[in-house]
Structure formats: C-alpha cells, structure tokens
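Novice: Got a structure for you, written out below as structure tokens; questions coming shortly.
The values are calculated or read from the model by the stated rules, or taken from the named source; none is laboratory data. It should be emphasised that the depicted structure is a prediction, and the values quoted were computed from it without experimental measurement. Heads up, the Cβs are rebuilt from the backbone with ideal geometry, glycines too, and the neighbour counts pull from every protein chain shown.
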C-alpha cells in the first residue's frame with residue numbers, strides 16, 4: 001500500500017496490543033496460564049447442551065435455523081427479565097431486555113449509542129481491556145477513577161463529575177476485571193445517585209455476577225436510583241458456555257428500542273439456535289446447579305492462588321483478595337516492570353497479563369493480572385513458585 | 001425523559017422505518033408475503049444439521065463451547081478461501097478471510113473501517129436497506145448511481161468519482177437487493193479498474209452469489225483489478241441457514257488484520273458451535289446439492305412470479321427479470337405511491353416492501369419489491385392477482 005491508508009479517523013485508536021499478540025502465541029504451548037480469561041472447558045455442561053440441542057433441532061428446527069427478531073428470542077428475554085427482577089432490577093420486563101452476541105456486544109452497542117469523538121468516559125482505572133478498546137474506537141477521552149478494596153473510589157468519581165460531565169460512566173461492580181474487587185453497597189448507592197441526578201448515562205458490566213464464592217450478593221448500581229440512561233449488561237459466557245455468544249442488556253424500553261436499532265444494523269439479530277439452547281438450559285433449572293458446581297471448583301483454585309501468594313510473596317508484593325470472579329491483581333514494588341518480567345516468566349513456562357494496558361490513561365507498570373480459573377490447583381502452586389523465582393531474579 | 005437525550009450525534013441518522021415496523025406486525029398474520037427476505041424454512045437441511053451437531057458436541061464440545069479466535073475457526077476459513085479461489089479470487093488464503101456474524105456484520109465492520117462523518121459513499125440507487133442504514137449510522141453522504149438491467153450504470157459512476165472521490169464504493173453485483181439485476185462483466189471490469197486506479201475502497205456484497213438459476217456465473221468485481229482496499233463479503237445465510245449467523249469477508253491480509261481488530265471489540269469472535277456446523281456441512285460435500293435443490297424450488301417460484309406479472313400487469317407496470325436471487329423490482333406509473341398502496345394491499349392480505357427506503361437520496365415512490373422465495377407458486381399467483389386488483393383500484 002503506497003498511499004496513506006484511507007481509513008476512518010477512529011482507526012488511529014484501534015491498534016493491536018503487542019503484549020496481547022505475544023500472549024496469543026502462548027495459547028497453543030505448554031504454559032501454566034494465568035493470562036487468559038478462558039473458563040475451564042472441562043466444566044462446560046456439554047452433555048446437557050447436547051441433549052437440549054437434539055430436542056431443539058427435532059422439535060423447532062425451522063425457527064432455530066431461521067432469521068429471528070432483532071431484540072432476541074422472546075422466551076429467553078422473559079427468562080432474563082425474571083432473573084433480573086430477582087437481582088434487584090424490580091421493573092424488568094421482556095421490553096427491558098436486548099439479547100446480544102455476548103456482553104462485549106452490549107458494551108459496544110451502548111458506546112455506539114452514547115459516544116461522539118472526544119466524549120469523556122468516567123472509568124475505573126484499571127478497567128476491562130476490551131471495553132477500553134471499544135471506547136477508544138469511538139474516540140473517547142477518559143476520566144479515570146482509582147480502584148481500592150471497595151471498588152471504584154466514588155468520592156473521587158463525584159469530584160471528577162463536578163469538573164467535567166461525562167457522556168458515559170462505566171463500572172464493573174462485581175469481581176472487577178482486572179482487580180477482582182467488588183464495589184461496596186454504600187459506594188454503589190452514592191455512584192447511582194450522583195449519576196442519576198445529572199442523568200449521566202451509566203454502563204454497568206456485571207459479567208461476573210454469579211461467580212460469587214463468599215459474601216453477600218449486592219444490588220446492581222442500576223437498581224439504586226432512577227436513571228433513564230442506565231444500561232446493565234450480563235452474559236451466559238461465564239456460566240453456561242462462551243462459544244455460544246449469548247449475552248444481554250437491561251435498560252428502559254425506550255433505550256432498548258434505540259439499542260435494538262443499532263443491533264439490527266450491526267448483525268441483524270443474535271444466533272437463533274444458541275438463544276434456544278441457553279433458554280432451555282435455564283428453563284429446565286440447570287443453571288443454578290451448574291453455577292454452584294463451577295463456583296466450588298473456582299473457589300478452591302482462588303484459595304490455592306491466594307495461599308500460594310501468601311506463602312511465596314508476603315512482604316514482596318501486594319494483591320487483591322476477591323470474593324469470586326476470575327482475577328487477582330498483583331502489585332510489585334515500583335522498581336519492577338511487569339512487561340519486561342513477562343519475557344522471563346515465559347522462558348520458564350508461566351504467563352500472565354501485565355496490567356499496564358488496563359489503565360486507560362497509563363499506570364500499572366509494576367502490576368500484573370492473574371486468573372485462577374484456567375489452571376488446576378497443582379498448576380497454580382507450581383506457577384506461583386516459578387513466578388516468585390522470576391521476581392527474585 | 002425530560003432532558004434532551006444524551007445520545008451520540010450519529011443517532012439522529014439511526015431511526016426506525018415506519019413501513020418496516022408496519023411490516024414486522026404482518027409476520028405473524030395470514031398474509032401472502034412478498035415482503036420479507038426470509039428463505040423458506042421447509043428447505044433448511046435440518047436433518048443434516050442435526051446429525052452434524054450431534055457429532056460436533058460428541059467429539060469436540062470443549063472447543064465448540066469455548067471462546068474462539070477473533071478471525072474465525074481455522075478450518076472454515078480455509079474452506080472459504082478454497083471456495084473463493086474457485087470463484088475467481090485466485091490469491092485467497094485463510095489469511096484473506098474473516099468469519100463474521102452474517103454478512104451484515106461484514107458490511108458494518110467495513111463501514112467502520114473506512115467511514116468518517118460526512119464521508120461520500122458511491123452506491124447503487126436503489127440499494128440494500130440495511131447497508132444504507134449502516135452507512136447512515138456512520139454519518140455517510142451518498143453519491144447515488146442508477147441501476148438498469150445490467151446493474152450499476154458504471155459510466156455514471158465514473159463521472160461521479162471524477163467530481164467527488166468517494167471514501168467507499170458499495171455494490172451488489174449479483175441479483176441485487178432490491179432490483180434483482182446482475183452487473184455485466186464489462187461493467188464489472190470498468191468499475192474495478194476505476195476504483196483500483198484511485199485506490200478507492202470497494203465493498204462488494206455478494207450474498208446471493210450461489211442463488212443463480214440461469215446464465216453464466218461472473219467473476220467478483222474484487223477479482224478484476226488489484227485494489228488493496230477491496231472487501232468482498234458472502235454468507236451462509238441464504239444457502240445453509242440464516243439463524244446460524246455465519247458470514248465472511250475476503251480482503252488483503254493487512255486489511256483483514258484491521259477488520260479483525262474491529263471484530264474483536266464488537267463481539268470478540270463468531271459463534272464457535274455455528275462455525276463448526278457450517279464447516280462440517282460444507283466439508284462433507286453437502287453444500288452444492290443443497291444449493292441445487294433450493295435453486296430448483298426458487299427458480300420455479302421466480303418463473304411463477306414472472307408469469308403472473310406478465311399475465312396480470314403487462315402494459316400497466318414494468319419489472320426486472322432476474323436470473324436468480326430473491327427479488328423482483330416492480331415499477332408502476334409515476335402517479336402511484338406504493339406506500340399508500342400497501343395499506344390497501346394489506347387489507348386484502350398481501351404485503352410487499354415499498355421501494356422508497358431503498359433509494360439513499362430519495363426516489364422510488366412508485367416502485368415496490370417482491371420476493372419470490374417465501375410463498376408457494378400457488379400463493380404467488382393468488383397474491384399477484386390480488387395486487388393487480390389493488391393497483392386497478
């Protein structure tokens with residue numbers, strides 16, 4: 001290509017991450033991976049999905065293989081609405097729900113609804129990488145708010161809002177990616193009210209909601225104040241199977257209509273067969289037992305990781321202690337650079353994600369993210385022992 | 001909502017079509033539908049898909065239910081590349097292919113890659129409605145080019161390009177939606193060369209390629225000149241099953257990389273199970289027999305529609321005579337308004353799509369689109385008889 005590429009201006013903000021490309025190459029190798037966000041595929045309910053799929057294709061193949069409604073399969077919308085009513089979104093009806101290809105699509109559609117070039121986004125720092133990349137693609141600017149053990153530091157968020165009115169506020173209240181921390185009820189309430197007062201659009205990514213191992217479930221930020229521009233997103237990727245690409249969003253019906261228009265021009269509608277598989281799985285009462293089984297396994301792995309960190313790195317590093325989810329954030333002394341350290345860890349067969357790319361306006365050079373759902377307890381112990389040796393140089 | 005809605009500027013161009021909303025309501029009723037683009041679900045290869053799906057879930061469930069690569073399932077990419085080599089895209093390798101959630105997503109990603117607000121798009125008038133809606137959402141402007149029995153009028157396109165350099169040229173060369181016409185080889189060659197000379201990005205939507213009932217298959221515009229910014233899109237929706245949402249695009253690898261970055265932030269990757277179902281269906285040699293069976297049925301229906309039009313409306317209306325695809329465009333005298341006429345047709349149990357919304361800069365008020373794939377031959381004959389009565393008032 002000799003001429004300058006005739007791409008849209010937004011493409012200057014859409015770039016490959018060298019680190020993520022590097023990590024992609026490790027997917028096939030014999031590594032102990034603390035890097036990915038992949039659930040353990042041995043826990044997928046494959047037999048139940050096989051049974052359901054046979055029945056759907058035997059009884060309902062014409063609809064399951066045909067084009068469908070842009071807003072989703074009506075029975076699944078109704079099931080999700082009922083689930084969200086139990087979760088504290090007490091007004092949820094099917095008209096409040098849009099089914100999406102994973103919650104990533106819900107994030108992208110919401111950003112597309114609200115963001116112009118230069119729009120300020122209030123965001124936790126660190127935050128979910130693929131959300132940052134999506135906001136980048138809409139040429140957002142950032143109002144980063146630090147995260148501590150109770151989640152987004154809401155007093156700082158409220159100060160930021162007073163200086164600059166954001167066009168969107170993005171939060172992951174439960175077992176945040178990448179830190180693993182959960183926002184306290186008091187902070188949720190304050191954040192919800194501050195946003196509702198100014199009618200600032202809220203995007204609440206609750207992908208990890210059901211992955212709680214201990215402590216009390218807390219109500220969604222979206223449920224704690226009346227905000228006509230709040231969008232709450234969830235997914236079946238972490239609790240049924242990610243390959244089916246079924247997620248959803250909740251918002252007021254007027255907003256759902258606008259988001260459905262965007263869904264339609266994006267990919268017409270969500271997969272007809274996958275929506276039916278997920279619906280049948282849920283309708284038969286198989287979801288909660290699946291979640292419980294999975295949480296028992298992941299809770300043991302989380303404890304194994306926290307125990308290995310305490311045994312090996314007490315006094316050397318600090319780390320978060322999540323009540324569920326998939327991730328722990330490990331912070332080394334400022335003199336460390338976790339991107340450089342990764343090269344050495346990879347030579348020893350261990351991979352993680354350097355935290356730098358999770359900080360929308362920079363930072364996190366000496367932190368790294370560890371997932372505890374991909375590796376067995378034994379592998380976790382070995383991996384942390386190796387990582388400790390690498391840290392000690 | 002008391003305040004003005006805090007939506008992105010683009011949302012002023014994303015609106016519901018009153019006509020499409022009206023037609024949506026007819027989907028459940030007892031209408032003879034010339035309106036939708038729905039394939040006949042009785043022709044779906046449901047038994048074969050059931051068999052394949054059982055085998056995939058028995059042998060490969062962990063991968064079929066897990067997250068997958070953003071660019072798609074490698075064996076399917078390789079199969080598509082081989083298919084496109086046979087179709088005239090002789091350099092196609094897996095690196096030239098991105099798997100998408102239907103070809104609609106391929107159109108949306110390509111628009112996202114190339115279009116800024118105000119970017120001029122060279123486009124057939126009429127053209128595919130959901131593509132126009134996508135371009136609208138990127139705040140495009142239009143350089144409309146008329147369509148005649150040989151497709152896009154390329155001399156007019158070349159004149160338009162001389163006046164204003166488009167940021168994207170969009171064409172549907174085969175059995176164009178909504179007109180049904182096919183672009184001649186001579187025009188394809190001229191268009192390809194004119195775009196390549198100025199390195200103007202080309203988006204070639206070939207969703208209907210395999211739906212040819214008569215005449216010779218023609219090479220893609222993309223194959224006729226070396227243009228680093230050409231994107232060619234196709235889909236399995238019209239030849240396997242739309243509910244599986246599997247489409248693809250072909251472009252030079254450097255461009256595929258950029259489009260894959262957009263795919264990833266949009267919905268991470270395409271459905272893992274659906275991609276395997278489509279791949280197995282194709283790999284077992286079942287695609288071409290399925291296409292042949294389907295084309296026999298649709299060809300009979302096309303002939304029934306053309307015969308009914310000739311019998312009832314000769315001297316009253318004009319219509320296109322497609323060699324395949326799904327649609328015929330019917331033009332009434334200028335005094336007719338097909339939106340008003342639709343109300344009367346619906347009272348008599350017949351629905352079609354008024355053509356007005358297919359014209360990006362207006363026009364088409366006295367034209368309408370008829371599909372010939374949803375209704376049986378007998379229903380087509382009855383429907384056209386009713387429509388004729390409505391036209392005669």
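Novice: How many residues does region A:367-383 hold that are part of a helix (DSSP H, G or I) and surrounded by fewer than 24 Cβ atoms within 10 Å (Cβ to Cβ)?
Specialist: 5
Novice: Still on this structure, please answer the following. For the condition assigned by TED's automatic domain parsing to the domain that holds residue B:31 and closer than 29 Å to residue B:13 by Cβ, what is the one hit in B:316, B:350, B:328, B:343?
Specialist: B:343
Novice: Moving to a separate point now. Tell me yes or no: at least one residue of region A:108-116 is outside any helix (DSSP H, G or I), in contact (Cβ under 8 Å) with a residue 24 or more places away in the chain and more than 9 Å from every other protein chain (Cβ to nearest Cβ).
Specialist: Within region A:108-116, not a single residue is outside any helix (DSSP H, G or I), in contact (Cβ under 8 Å) with a residue 24 or more places away in the chain and more than 9 Å from every other protein chain (Cβ to nearest Cβ).
Novice: Now for a different question. Looking only at helices (runs of 4 or more DSSP H) that fall completely inside region A:1-66, which ones have 3 or more residues that are without any contact (Cβ under 8 Å) to a residue 24 or more places away in the chain and more than 10 Å from every other protein chain (Cβ to nearest Cβ)?
Specialist: Once the helices (runs of 4 or more DSSP H) in region A:1-66 are filtered for at least 3 residues that are without any contact (Cβ under 8 Å) to a residue 24 or more places away in the chain and more than 10 Å from every other protein chain (Cβ to nearest Cβ), what remains is A:18-25.
Novice: Oh, and also: Being facing chain A (nearest Cβ under 7 Å), in a helix (DSSP H, G or I), in contact with a helix residue (DSSP H, G or I) (Cβ under 8 Å, 6 or more places away or on another chain) and crowded, with 20+ Cβ neighbours inside 10 Å, is that true of even one residue in region B:89-96?
Specialist: No: region B:89-96 contains no residue that is facing chain A (nearest Cβ under 7 Å), in a helix (DSSP H, G or I), in contact with a helix residue (DSSP H, G or I) (Cβ under 8 Å, 6 or more places away or on another chain) and crowded, with 20+ Cβ neighbours inside 10 Å.
Novice: Only one of (1) over 21 Å from residue B:349 (Cβ atoms); (2) touching a helix residue (DSSP H, G or I) at 6+ places or on another chain (Cβ under 9 Å); (3) surrounded by fewer than 18 Cβ atoms within 10 Å (Cβ to Cβ) fails for residue B:7. Which number is that?
Specialist: Just one mismatch for residue B:7, condition (3).
Novice: If I go through region B:69-88 residue by residue, how many of them are crowded, with 23+ Cβ neighbours inside 10 Å and assigned to a loop (DSSP other than H, G, I, E, B)?
Specialist: Looking only at that region, the number is 2.
Novice: Oh, and also: Failed condition for residue B:75, given (1) closer than 29 Å to residue A:254 by Cβ; (2) away from every other protein chain (no Cβ under 13 Å); (3) at pLDDT 95 or above, with all others met?
Specialist: The single condition residue B:75 does not satisfy is (1).
Novice: Considering each of A:265, A:239 in turn, give the residue that is within 13 Å of chain B (Cβ to nearest Cβ), at pLDDT 95 or above, under 30 Å from residue B:49 (Cβ atoms) and part of a helix (DSSP H, G or I).
Specialist: A:265 is the lone residue from the list that is within 13 Å of chain B (Cβ to nearest Cβ), at pLDDT 95 or above, under 30 Å from residue B:49 (Cβ atoms) and part of a helix (DSSP H, G or I).
Novice: What number of residues in region A:268-298 are assigned to a helix (DSSP H, G or I) and closer than 20 Å to residue A:63 by Cα?
Specialist: The number of residues fulfilling the criteria is 12.
Novice: If I ask for residues that are surrounded by 22 or more Cβ atoms within 10 Å (Cβ to Cβ) and free of Cβ contacts under 8 Å to residues at least 40 places away in the same chain, which ones from region B:323-366 would you list?
Specialist: Answer for region B:323-366, where residues must be surrounded by 22 or more Cβ atoms within 10 Å (Cβ to Cβ) and free of Cβ contacts under 8 Å to residues at least 40 places away in the same chain: just B:338.
Novice: Here's a check for you: in region B:242-260, which residue that is closer than 22 Å to residue B:91 by Cβ, within 11 Å of chain A (Cβ to nearest Cβ) and in contact (Cβ under 8 Å) with a residue 24 or more places away in the chain is surrounded by the most Cβ atoms within 10 Å (Cβ to Cβ)?
Specialist: Step by step, filter region B:242-260, then rank; the result is B:247.
Novice: Here is a further query. Which ones in region A:214-236 are crowded, with 23+ Cβ neighbours inside 10 Å and within 10 Å of chain B (Cβ to nearest Cβ)?
Specialist: Matches in region A:214-236: A:229 only.
Novice: Select from region B:340-366 the residues that are farther than 22 Å from residue B:308 by Cα and in a helix (DSSP H, G or I) and list them in ascending order.
Specialist: Listed by number, the residues that qualify are B:340, B:356, B:357, B:358.
Novice: Quick check, is residue A:330 within 14 Å of chain B (Cβ to nearest Cβ) and under 22 Å from the mean Cα position of the chain (by Cα)?
Specialist: no
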